[in-house]
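The next block holds one structure in the form of structure tokens; read it before the comments.
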Amino acid sequence: MAQKYGIGEIFGRSFARLSPDEVRTYSETNHRGMDCPFKGGTCSKAGGVCSLRCYTDATGETEPVPDSLVTTCPNRFYEHDLIFKWVGETLIDCDEPKVLTELPFLMANTPHGGKRAVGRIDMVLLNDKPDGTLDWCALEMQAVYFSGKSITEELKSLRSFTGPGIPFPTGTRRPDFRSSGPKRLMPQLQIKVPTITRWGKKMAVIIDREFWNSLGDISTVHDVSNCDTAWFVVDYKEQGKQFRIQRGDVFLTTLDRAVEGLTGGVPTSLHEFENTLRERL
């Protein structure tokens, strides 16, 4: 039995529900001529692939593995603005928050005595209250990188697909949770969360279920007032020819516990480490 990751969604459609004609058409479509069905505007993802999905040929025919959708384009999280309502209700008591982007956060001196932004908060959700007070939280969305054969090569092979059924992925690739978590997301949290916490605010992180399941154990707290970071874990439900984003779980953590989960393990003991050294000699 083989399992491989292939296209989960392309231009917002479930790949496993496409006809052979649609497979060929979408594999040849330039993303710059397509609208993003989730964020609006022009699709910004080469190939139009929104997510990956695991497929198996255990029965002799290609079948998708249930609940294996992995978000590869961050714009996928924008569907129906669900995450903004969800985070707003949870952290700032507002189900229609204003969404502000690219706010200067880290500043550096310039050679001529001025200052310039060298780091930004990607997104802030704001509850602009009538009395003039500002209630807000920062927000990070983290999609998943993948390693292995490029989707471009996969799309080329699909241009001659005539069916029947679902084409089995031709290349070997996998979601790269290590690059997405410890290498990309963790530094962002370590840089931003301490200051945001000192300001008395919270950081929301949007990830999908597969990403969350890849993390190590993260101890949680039981109240928003005790957390630094709130993880909003989304699920996807297949409905007809599309997936729909769903509210999943909220996990409230401190930064230290989040970092432990992102690194995915605990340090080995000195005894075990030195035994490894001896084995290598």
Quiz item: Quick one: would you say Ala58 is hydrophobic (A, V, I, L, M, F, W, C) and surrounded by fewer than 16 Cβ atoms within 10 Å (Cβ to Cβ)?
Solution: yes
Quiz item: Of the residues Thr56, Thr42, which is outside the structural domain of Thr133 (by TED's automatic domain parsing), farther than 20 Å from Phe168 by Cα and more than 18 Å from the chain's Cα centre (by Cα)?
Solution: Thr42
Practice problem: Considering each of Val259, Val250, Val233 in turn, give the residue that is part of a strand (DSSP E or B) and touching a residue at least 40 places away in the same chain (Cβ under 8 Å). | Solution: Val250
Quiz item: How many residues does segment 153-183 hold that are of a type in the set (Val, Ile, Thr) and within 14 Å of Val23 (Cα to Cα)?
Solution: 2
Quiz item: How many residues does segment 16-52 hold that are of a type in the set (Lys, Arg) and assigned to a helix (DSSP H, G or I)?
Solution: 3
Quiz item: Could we say that Gly216 is assigned to a helix (DSSP H, G or I) and touching a Ser or Thr at 6+ places or on another chain (Cβ under 8 Å) here?
Solution: no
Quiz item: What about Asn275, is it closer than 30 Å to Gly8 by Cβ, free of Cβ contacts under 8 Å to residues at least 24 places away in the same chain and surrounded by fewer than 19 Cβ atoms within 10 Å (Cβ to Cβ)?
Solution: no
Practice problem: Inspect all residues belonging to segment 94-115 and state whether any of them is more than 21 Å from the chain's Cα centre (by Cα), under 24 Å from Asn213 (Cβ atoms), surrounded by 18 or more Cβ atoms within 10 Å (Cβ to Cβ) and not small (Gly, Ala, Ser). | Solution: no
Practice problem: Please name all residue pairs, on different chains or six or more residues apart, with Cβ atoms under 8 Å, provided the first residue is in segment 1-23 and is more than 21 Å from Ser150 (Cβ to Cβ) and the second residue is among the β-branched types (Val, Ile, Thr). | Solution: Met1/Thr56; Pro20/Thr162
Quiz item: Quick one: in segment 177-190, which of the residues that are in contact with a Phe, Trp or Tyr (Cβ under 8 Å, 6 or more places away or on another chain) and over 15 Å from Asp208 (Cα atoms) is surrounded by the fewest Cβ atoms within 10 Å (Cβ to Cβ)?
Solution: Ser179
Practice problem: Taking Thr72 as the residue in question, decide whether it is modelled with pLDDT of 95 or more, crowded, with 20+ Cβ neighbours inside 10 Å, in contact with a strand residue (DSSP E or B) (Cβ under 7 Å, 6 or more places away or on another chain) and of a type in the set (Ser, Thr, Tyr). | Solution: yes
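The values are calculated or read from the model by the stated rules, or taken from the named source; none is laboratory data. Keep in mind it's a predicted model, so treat the numbers as computed, not measured. We place every Cβ from the backbone using ideal geometry, glycine too, and count neighbours over all the protein chains shown.
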